[in-house]
Amino acid sequence: GESVGLHLPTLSVQEGDNSIINCAYSNSASDYFIWYKQESGKGPQFIIDIRSNMDKRQGQRVTVLLNKTVKHLSLQIAATQPGDSAVYFCAERLGSNFGNEKLTFGTGTRLTIIP
Amino acid sequence: DTGVSQDPRHKITKRGQNVTFRCDPISEHNRLYWYRQTLGQGPEFLTYFQNEAQLEKSRLLSDRFSAERPKGSFSTLEIQRTEQGDSAMYLCASSLAGRTVSYEQYFGPGTRLTVT
């Protein structure tokens, strides 16, 4: 079945540096992707999303890149801050014309910002 | 606070007992989702509602689980005859969906269930 996975389970980055978190997905029918940040004891917090008709989208200090050819998604965080330390999940959704709204999540990458 | 809220935040119960969780979505959101998350894993979809209609249920949702959204606003998730394997964080999310587009899901803080 379809799955979303992450290349690296942990990532440590020096404060102020940029970080890149990668994600692979397997379902070519997915049309929508989201990155979530989850801090300990809290629910996932929406960061940024991207639809399959785009290959790049930018937010505040974050950029998501989508490569449909190799089914790869990445989250770039610029000028990392201690508050960026968390677990990051990518999630995919099958095309909405399938009538399927569920998100399929990967296992997450723990990002640690080193002061 | 206008985000998704869940109650209780923590629940400890003995095996075999029934438990019920409540989720209050963002007020204008017509879609409501339930997910389950175990330690070190990403959330797993359980079920979702559009208004009061339950549109999809995961195979994870055994007969012991039931979810309702009677008035299209808040939702409840009940687990009957709890088992230790039910111990997890139960997350609720909501979103706004139109005829041709749907938007990001916003999650609540979750209810952590521990079955002893």
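The values are calculated or read from the model by the stated rules, or taken from the named source; none is laboratory data. Keep in mind that this is a model prediction, so the values were computed, not measured. Here the Cβ is made from the backbone with ideal geometry for all residues, glycine too, and neighbour counts use every protein chain on show. For accessibility, only protein heavy atoms count, side chains too; no ligands or nucleic acids. Shrake-Rupley method; radii C 1.70, N 1.55, O 1.52, S 1.80 Å.
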Handout entry: Under DSSP loop assignment and at most 10 Cβ neighbours within 10 Å, longest trypsin sites (Lys or Arg not before Pro)-free interval of chain B
Key = B:15-58
Completion exercise
FRET efficiency for residue A:60 and residue B:84 from the Cβ-Cβ distance with R0 = 35 Å, rounded to 0.05, comes out at 0.25
Practice task
Quote the FRET efficiency, to the nearest 0.05, computed for residue B:12 versus residue B:66 with a Förster distance R0 of 25 Å and r equal to the Cβ-Cβ distance.
Solution key: 0.75
Completion exercise
Expressed in nanometres to one decimal, the distance between label points 7 Å along Cα→Cβ at residue B:20 and residue A:46 is 3.0
Problem - Share of carbon and sulfur in the accessible heavy-atom surface of chain A [1.4 Å probe, %] - result: 46
Handout entry: Positive-end extreme of charge dipole, chain B - chosen from B:62, B:2, B:76 (charges on Cβ)
Key = B:62
Handout entry: Point-charge dipole on Cβ atoms (K/R +1, D/E -1) for chain B, about Cα centre, debye to 20
Key = 320
Exercise for the section: Tell me, rounded to the nearest percent, the portion of alpha carbon pairs in segment A:7-98 spaced more than 19 Å apart. Expected result: 39
Exercise for the section: Holding the Cα-Cα limit at 29 Å, pick out from A:68/A:102; A:102/B:14; A:68/B:71 the pairs that are longer than that. Expected result: A:102/B:14; A:68/B:71
Fill in the blank from the handout: Given Cβ charges of +1 for Lys and Arg and -1 for Asp and Glu, the option among A:59, B:105, B:32 whose Cα lies farthest towards the positive end of the dipole of the protein assembly as shown is B:32
Problem - Buried solvent-accessible surface, both chains (B, A), 1.4 Å probe, Å² to nearest 100 - result: 1600
Handout entry: Unit Cα scatterers, Debye sum, segment B:1-73: log10 I(q)/I(0) for q = 0.16, 0.23 Å⁻¹
Key = -0.67, -1.30
Handout entry: Qualifying GluC sites (Glu not before Pro) for segment B:1-89 [loop in DSSP, other Cβ within 10 Å: at most 12]
Key = B:28, B:83
Exercise for the section: Within segment B:22-74, list the chymotrypsin sites (Phe, Trp or Tyr not before Pro) lying in a DSSP loop whose Cβ has at most 12 other Cβ atoms in a 10 Å radius. Expected result: none
